[in-house]
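Novice: Let me begin by handing over the structure; questions about it come next.
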Amino acid sequence: MSDTTAEAAAAPEAPAAPAPAPIRAEGLTDRLRRPRTYAVLIGSLLLLVLPFYLDRFWLQAGLFAMAAAIGAIGLNLLTGATGQLSMGHAFFLAVGAYGYCVLAGESSTENGHTLTGLGLPTWLAAILAVLLAGAAGGLFSPIAGRLRGAYLGIATLALIFIGQHVLFNAGSLTGGYNGRAVPPLSVFGFTFDDTELVVAAVPFGSSEKLWYAGLVVLLLSALFARGVLRGRPGRAMNAIRDHRIAAGVMGVPVARYRAGVFALSSMYAGLAGVLLALVFQRTVPEYFGMILSLEYLAMIVIGGLGSVGGAVIGAAFVTLLPQVFTHYSDSLPLVSAPGTGGLAPGEASRYLYGAAVVAVVLFLPGGLARLGLVRKKPAAPKKPVAPKNPGEKS
């Protein structure tokens with residue numbers, strides 16, 4: 001044996017690199033230790049007890065935010081996840097609101113109009129109104145499946161003009177300019193009206209009762225949309241948004257998905273319209289105009305495109321801001337009560353969330369929902385260095 005071979009045999013062997021630690025599946029205990037879990041539990045408990053402490057004004061403001069969040073989730077499925085620009089979301093809210101009034105209301109005479117009503121059970125009328133909004137979206141879906149970008153936006157904008165014309169002139173269905181009263185919802189004999197129900201020494205009226213119904217509907221709507229986005233349909237929708245031609249090459253039926261998402265978004269808008277009608281207790285055609293559609297676009301941009309949580313956050317921001325300005329107009333600078341000649345609360349709120357849209361687009365493209373998701377990436381572990389042989393030159 002040569003000297004070189006002997007030195008090699010006598011040299012100590014380099015230690016093997018340690019095997020990476022196995023990735024442990026996250027258990028229920030680990031999830032409960034998250035700060036986010038505690039925040040969700042505290043927020044849920046707070047939402048459940050708010051009707052015992054807030055007055056009717058703030059409860060109605062919260063219900064408006066819930067209805068807006070449901071509609072914004074539907075628009076986010078269409079615009080944020082699939083990349084289809086829609087300017088006619090307010091039209092489908094009107095279909096849901098007035099569809100519920102016609103299906104649940106009784107035939108009567110009001111403000112000089114002979115109103116048509118089918119007198120169906122209110123719970124059934126609410127379901128059929130949502131399906132009616134989905135059917136209206138389905139009728140428009142062939143156009144939505146073939147247009148994209150600004151062309152689809154202009155086409156959906158035509159729905160607003162058509163809808164406003166119908167709402168103001170079809171007096172037997174809509175009541176004309178003055179609108180029509182909304183029948184209170186009744187489920188299994190429990191009516192969501194102003195008949196007082198005392199709970200823990202607190203009188204519950206229509207706003208308190210609808211609060212819990214709105215929470216349940218919003219939770220179910222958010223969970224369903226989250227399941228859609230996290231499943232196979234969500235991946236197909238994102239592929240269509242990012243690269244339509246590549247999605248078609250991979251076998252995704254682009255036109256069919258676009259049409260289906262448009263109908264689903266219309267159903268979400270119809271559900272939001274039903275809840276809005278129940279909160280308002282009267283439907284007015286002027287409310288369902290172009291400004292409402294623009295506000296929904298602002299909601300999903302501010303909250304975060306393609307995010308269910310972002311839609312809820314954006315809806316709360318855009319909907320509650322005018323209410324806060326109206327309630328505290330005496331204390332806020334440059335803001336005055338409506339009709340006094342100064343800057344009205346509604347105008348001030350539009351300026352503010354218009355500026356918020358610009359700020360989000362420039363500095364936070366992911367929206368407000370991404371603020372809590374920014375985390376530092378953990379540093380990569382260093383590779384172990386094998387020791388040098390004693391006879392090896394440095």
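The values are calculated or read from the model by the stated rules, or taken from the named source; none is laboratory data. Treat the numbers as computed from the prediction; the structure is a model and nothing was measured. Cβ atoms come from the backbone with ideal geometry, glycine included; neighbour counts cover every protein chain shown. Ligands, DNA and RNA are excluded from the accessible area calculation, which covers all protein heavy atoms including side chains. Shrake-Rupley method; radii C 1.70, N 1.55, O 1.52, S 1.80 Å.
Novice: Work out how much length L41 to A355 would gain on full extension: take 0.36 nm times their residue separation and subtract the Cα-Cα distance, in nm to one decimal.
Specialist: The span from L41 to A355 would gain 109.8 nm if fully extended.
Novice: Could I ask something else about it? Once amide H atoms are placed 1.01 Å from N in the peptide plane, what residues at a sequence separation of 5 or more from R282, or on another chain, have their amide H within under 5 Å of its amide H?
Specialist: V182
Novice: Subtracting the Cα-Cα distance from 0.36 nm times the residue separation, let me have the gained length for L50 to I245 in nm, one decimal.
Specialist: 65.3 nm
Novice: Right, next: For the ranges 245-254, 59-68, 311-320, what's the packing order if you count other beta-carbon atoms within 10 Å of each residue, average per peptide, and put the highest first?
Specialist: Final packing ranking: 311-320, 59-68, 245-254.
Novice: How big is D, in µm² s⁻¹, for segment 92-171 by Stokes-Einstein at 20 °C and 1.002 mPa s if Rh is the Kirkwood radius over C-alpha pairs?
Specialist: Estimated via Stokes-Einstein, D reaches 153 µm²/s.
Novice: Provide the packing ranking of 194-203, 219-228, i.e. peptides ordered by the mean count of other C-beta atoms within 10 Å per residue, highest first.
Specialist: Packing order, densest peptide first, comes out as 219-228, 194-203.
Novice: Hey, how many Å between the Cα centroid of segment 118-162 and the Cα centroid of segment 60-104?
Specialist: Computed from Cα coordinates, the inter-centre distance equals 10 Å.
Novice: Long-range amide H contacts for D194: which residues qualify at under 5 Å (H placed 1.01 Å from N, peptide plane, sequence gap of 5 or more or a different chain)?
Specialist: S206
Novice: Kindly report the accessible area of segment 26-182 per residue (heavy atoms of protein chains, probe 1.4 Å, no ligands, DNA or RNA), in Å².
Specialist: I get 47 Å² per residue for this part.
Novice: Identify the residues of segment 87-126 with backbone N under 18 Å of a label point that sits 7 angstrom from the Cα of A150 along the Cα-to-Cβ direction, or state none.
Specialist: 87-88
Novice: How many angstrom lie between the C-alpha centres of segment 167-200 and segment 245-282?
Specialist: The two parts, judged by their Cα centres, are 25 Å apart.
Novice: Packing-wise, with mean Cβ within 10 Å as the measure, how do 114-122, 357-365 rank, highest first?
Specialist: With the highest mean Cβ count within 10 Å placed first, the list reads 114-122, 357-365.
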